Amino acid sequence: MSAGANLVSFVTIGVLVGCGVTLLLERSLSRILLGVVLIGNGVNLLIVFGGRSGEAPVVGISDEAAMSDALPQAMVLTAIVITFGLTAFLLAISYRSWYLNGDDEVPDDLEDQEIVRRAARREVSATDLATEPAADDPEQIDAPAPPRGEGRE
Amino acid sequence: MSTLVPLPVVLPLVGAALTLLLGGRPQAQRAVSVGCLSASLVVATVLLVQAYRQGPLVAQIGGWPAPVGIVLVADQLAALMLVVSSAVILCVLLYSIGQGQAETGESTPVAIFHPTYLVLTAGVCNAFLAGDLFNLFVGFEMLLAASFVLITLNGTRLRIRTGSTYVMVNILASMIFLISVGLVYAATGTLNLAQLAARLDALPDGVRLSLQLILLVAFGIKAAVFPLSAWLPDSYPTAPAPVTAVFAGLLTKVGVYAIIRTQTLLFPGQQADELLLVAAGLTMLVGILGAVAQSDIKRLLSFTLVSHIGYMIFGVGLSTAAGLVGAIFYVVHHITIQTTLFLIAGLVEQRTGSTDLRRLGGLARMAPMVGVLFFVSAMNLAGIPPFSGFLGKLGLLRAGVAVGGPLPWTLVAVGTATSLLTLYVASRVWNIAFWRSPCESRPSTPPLPALMVGATVALVVVGVGLTVVAGPLFEYTGQAATDLIERTPYVRAVLPGGAS
């Protein structure tokens, strides 16, 4: 019988989650994916160690007082299935991103970048005045908005 | 009666399976989806009436009694959320069917949309009904997995870019939630909410506070509370209009619901109140200032969504009955109105091909119906009397004044300022998109499908109707809030033999 939760197990959890967080901070989706997998495993270990350790929780095989807690094990099974599904979806997304863009980097928000740029140039948006028709709007002529909407690859 | 409780989860799941089988037959798919969601709206209404008359309804899944088995609990708060979300989900489904007909199979792959949408519904309902922390987690995961598919629908470049942010942030939030589930179980040996209510009180203060804060972070990300809100305005606007609408209306509110539930039932002390109040104030201000800077209607609406989450957190942070009443009323109001506004943005997009304020103009003449709908909803959001937005904000501000003290008074001031700034943002959209003279002559677009407009009108009517039923609704939320604060009705319904 294992001794249940001990220092080694918690260090393992810490290392798994720590490495996972480091990978999450990367820009590339495939590294982020690995980070998610590591964190998921760390958290699953944490849940397992949350219950009492002991013998197999089957009535008739082991003594009731010495049984391990079956509930965290059931929860971990559910959590593993969920993490598995999410990992598969993330893989699909990063493949799709690579297929469309040639890389799987997560870029910044386009509109945020534009607003930062406008703020740096201290521009006042002409739309805010709302007096002139849109056809005379200098923003319409100078800086046509990037095509929004979808399906324009 | 308690046999009805699982139906809001089961019906959409069965519907999802059926629509998946009927993948090649759009007509049958639509019929099944509409049928399932209408049925679950009826069930939710029955549950609401029953919960009001008899107190919380409890279903023991698999026949195992409460602390051992999984329980689904429909108390007044859960039943109210079920009714509102079922109504909103049904309207958005009709809207998307209308839009699908207009596009004639051009962009939305209907075969995926209907099953995923129904799974999302099941997840939302499961989260509302969950009687234990792990089932709440499962509900969240169901709705998240479905929302991942919906937000990256078609897998276009833009949606993959924004979708990956959304997916990452939400997976991280789920991991934090899972950590808190593991820690709560390790500390108390149970996950049943009613039993936790008793056992958490026995824990040392520090342990209880840290569990509370981890849960708050997890739910705060999902509810988009500042500073955990930056992901939302980035990811919502690119999805198809009905998807954005239902996300905006429901997903963040599921987070708010989870915060209300855990703060009242599990952590009734007032340790986190100041934190909640500060976060609420910052959410309101930062959100609405973000909205002021936007030039795209959908992004602008996403920022107002974040901003108004602050009002609900404000109500929770006051931790008085009046504050909770205001918060619950505001959740109901905001689910309806924010969904409506996104649907209207979808109508604008359908009519003009854009929601960019720099390209819009003259909509009031071009589409007067859309103009009227937008005007009514925007005024409702900003809180102009006699709309429900005004009543909700008034209730919250009065609750804040009743508590008194520097922080609540600051929040009252911030809430008023946010309301005025929302009015500014709304009138800015109105002036630019609807009122100014139109841009260059556009090719005449086909008229909007009747079903899209009809579904939007229905939601606007519901939003205005909240004013008409405000009296009974406040009475109902009052009773719900009293029960939440007392905690005994919930605990006694789940564990008739007493908690231990």
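The values are calculated or read from the model by the stated rules, or taken from the named source; none is laboratory data. Bear in mind the structure is a predicted one, so any value in this text is a computation, not a measurement. FYI the Cβ positions are ideal-geometry reconstructions off the backbone, even for glycines, and counts take in every protein chain you see. Just so you know, the surface numbers come from the protein's heavy atoms only, side chains and all, with ligands and any DNA or RNA stripped out. Shrake-Rupley method; radii C 1.70, N 1.55, O 1.52, S 1.80 Å.
Structure summary
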read-out	value
For the stretch B:458-466, 3J(HN,Hα) per residue [Karplus equation, 6.51 cos²θ - 1.76 cosθ + 1.60, θ = phi - 60°, Hz, x = Gly/Pro]	4, 5, 4, 4, 4, x, 6, x, 4
Accessible surface buried upon A-B contact (total; probe 1.4 Å; Å², nearest 100)	4600 Å²
Phi-based couplings in Hz for the stretch B:238-244 (Karplus 6.51, -1.76, 1.60; Gly and Pro marked x)	7, 5, x, 3, x, 5, 4
Reach of B:LYS222 by Cα under 16 Å, taken over lysines that are not fewer than 8 positions away in the same chain	B:LYS253
Charge sum, other residues only, whose C-beta stays under 12 Å from B:VAL370's C-beta, Lys/Arg counted +1 and Asp/Glu -1	+1
Accessible area in square angstrom per residue, the stretch B:2-494, 1.4 angstrom probe	31 Å²
Apportionment of accessible area to carbon and sulfur, the stretch B:2-494, percent (1.4 Å)	70 percent
Å² of accessible area per residue within the stretch A:7-101, as computed with a 1.4 Å probe and no ligands counted	54 Å²
Amide hydrogen neighbours beyond the local backbone of A:GLU55, cut-off 5 Å, H modeled	A:MET67, A:SER68
FRET efficiency, A:GLU26 to B:ARG53 (Cβ-Cβ, R0 60 Å, nearest 0.05)	0.60
Packing rank of B:235-248, B:409-422, A:55-68, where each peptide gets the mean count of other beta carbons within 10 Å, highest leading	B:235-248, B:409-422, A:55-68
DSSP loop GluC sites (Glu not before Pro) with at most 13 other Cβ within 10 Å: longest gap in chain B	B:107-439
Phi-based couplings in Hz for the stretch B:150-157 (Karplus 6.51, -1.76, 1.60; Gly and Pro marked x)	5, 6, 9, 3, 6, x, 6, 4
Shielded residues, the stretch A:81-95 - accessible-area loss of 50 Å² or more between chain alone and all protein chains, probe 1.4 Å	A:ILE82, A:LEU86, A:PHE89, A:ILE93
10 Å Cβ neighbours from other chains, averaged over peptide B:289-302	2
FRET efficiency for B:ALA31 and A:LEU77, using Cβ-Cβ distance with R0 set to 30 Å, rounded to 0.05	0.25
Share of alpha-carbon pairs per 20 Å distance bin for the protein assembly as shown, given as whole %	19, 54, 24, 2, 0
Between helix B:7-21 and chain B: long-axis angle, C-alpha atoms, 0 to 90°, nearest 10	50 degrees
Filtered chymotrypsin sites (Phe, Trp or Tyr not before Pro), the stretch B:282-336: DSSP coil and at most 13 other beta carbons within 10 Å	none
